[in-house]
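S.K.: I have a structure I would like to understand better, so I am pasting it below and will then ask my questions one at a time.
The values are calculated or read from the model by the stated rules, or taken from the named source; none is laboratory data. These numbers were taken from a predicted model, which means no experiment stands behind them. As a convention, Cβ positions derive from the backbone with ideal geometry for all residues, glycine included, and neighbour counts pool all protein chains shown. With ligands, DNA and RNA removed, areas are computed over all heavy atoms of the protein, side chains included. Shrake-Rupley method; radii C 1.70, N 1.55, O 1.52, S 1.80 Å.
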Amino acid sequence: MTPVERATRLFRERFGTEPAAVASAPGRVNLLGEHVDYHGGHVLPVATAWRTAVAVGLAPGGFEAASEHGTPVRGAWPPARQGDWSDYAAGVAVEFLAAGTLRAAGLRLAVASDVPLGAGVSSSAALEVATAGALAALCGWRGSPRELAVIAHRAETDFVGVPCGVMDQMASALTPAGSALLLDCRTLETSAVPVPLDLVLAESGESHTLRSGSYAERRREGDEALARIRAAVPAVAMLVDIPPAALAQLLPLLPPPLDRRVRHVVNENQRTVLAAAALEAGDVATFGRLVDASHDSLRDLYECSTPRLDAIVTAARRLPGTLGARLVGAGWGGAVLVVAPMGRGEELAAALAADRALALPAVRVVHPGAGLAG
Ligand code: GLA
């Protein structure tokens, strides 16, 4: 059964009635452009074929949420933050209420998902975007996928309280089937890019608990670096406005580690644009070299890798067929992305999974999927 069928069935079983609407949205794997989205840079995610479906219906009162994976939740209406999985859906409902789009005395929802948890594929964005799609259908609101992504993103930053950039929700809402999405995070302009590659995701098994604090710290460092640069060069509105050629002149204005952080952001943004061009041209070797350079920069300049992620990357790069390997997502644990020529992914995944020294909890071939569907 598909997630949509399972969410519909779960809704029926749990609440004894048919859902009024159901929508599904995918996870994402970012091919290139890490830690640049909140600086207005370019990112290049693919949507995964794994999807999360959310079935919704009005309730006489309260907020009730059921999931295949998490414990059922019953709470007040409007929902308040509970500190569990349901916050990602509740936050979206709160956004719809605040906008006046949703007028209800209560809400029920049921969630079914194929998106692996903790594998660095943003199961949270999939849940938020699917909830936004289902609520839009419930309310008869014809918001664009871009508007739904913005709502989903606000749910995560304002309700859940994670200061993330906009990449994950945009990827989950907008990615065209089978393509990567080149997204300019400043203008939210997008274009589709072909993916003539096999993608393998190796889960490190390292917990993400340190993540949110370190992520927020990097954001503060970026803000401070920008303020210092703007004091000297007011024309720089965002870090990605700095041309790579101007780095040598501007970096002496910054104390360490801010200089390293800015070098990463400026060069990673440029790498992403070059990587999209390489994929357009079918030049997968150049693409792979950019993937490798991204990891080295995340490790040495952004300092968001771990010894275990580095070990996985090193092992993956030694395997025949690997074009490039890097940590993917925020870092400090999570997963490693390995890119391979088409047709080589299964073999690479098997070789990595067989590496006893690494003892990886899961190695998966990622099949590109499509964004939000109603
Ligand atoms: C997390 C955030 C994204 C992005 C990445 C790093 O996945 O949710 O917004 O900042 O980290 O590229």
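S.K.: Give all pairs with beta carbons closer than 7 Å in which a residue from the stretch 312-338 that is open to solvent by 10 Å² or more (accessible area, probe 1.4 Å) meets a residue that is of a type in the set (Ser, Thr, Tyr); count only pairs at least 6 apart in sequence or on separate chains.
M.R.: Hits for this filter: ALA330/TYR215; TRP332/SER214; TRP332/THR306.
S.K.: Can you tell me which of LEU279, LEU301, LEU258 is under 21 Å from HIS367 (Cα atoms) and buried (at least 17 other Cβ atoms within 10 Å of the Cβ)?
M.R.: After applying the criteria, what remains is LEU279.
S.K.: Here's a follow-up. Among the numbered conditions (1) within 14 Å of the ligand (Cβ to nearest atom); (2) touching a Ser or Thr at 6+ places or on another chain (Cβ under 8 Å), tell me where GLU303 comes up short.
M.R.: (2)
S.K.: Go through the stretch 133-210 and tell me which strands (runs of 3 or more DSSP E), entirely inside it, have 1 or more residues that are modelled with pLDDT of 95 or more and closer than 20 Å to TRP85 by Cβ.
M.R.: Filter on the stretch 133-210 gives 197-203.
S.K.: Restricting to the stretch 138-178, count the residues that are within 14 Å of the ligand (Cβ to nearest atom), polar (S, T, N, Q) and crowded, with 23+ Cβ neighbours inside 10 Å.
M.R.: 2
S.K.: Assuming ASP84 fulfils every condition listed in (1) under 25 Å from LEU174 (Cβ atoms); (2) assigned to a loop (DSSP other than H, G, I, E, B); (3) among the charged types (D, E, K, R) apart from one, which condition is it?
M.R.: Condition (1) is where ASP84 drops out.
Listed here are the residues, each with its yes/no results for (1) farther than 17 Å from CYS164 by Cβ; (2) in contact with a Gly (Cβ under 8 Å, 6 or more places away or on another chain).
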{"site": "GLY41", "(1), (2)": "no, yes"}
{"site": "TRP50", "(1), (2)": "yes, yes"}
{"site": "ALA55", "(1), (2)": "yes, no"}
{"site": "LEU58", "(1), (2)": "yes, yes"}
{"site": "PHE63", "(1), (2)": "yes, yes"}
{"site": "ALA66", "(1), (2)": "yes, no"}
{"site": "VAL73", "(1), (2)": "yes, no"}
{"site": "ALA76", "(1), (2)": "yes, yes"}
{"site": "ALA80", "(1), (2)": "yes, no"}
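S.K.: Sticking with this one: Tally time: how many residues in the stretch 21-47 are assigned to a helix (DSSP H, G or I) and either within 7 Å of the ligand (Cβ to nearest atom) or of a type in the set (D, E, K, R) (or both)?
M.R.: 2
S.K.: Could you pull out the residue among VAL291, VAL265 that is touching a residue at least 12 places away in the same chain (Cβ under 8 Å) and out of contact with any His (no Cβ under 7 Å at 6 or more places or on another chain)?
M.R.: It is VAL291.
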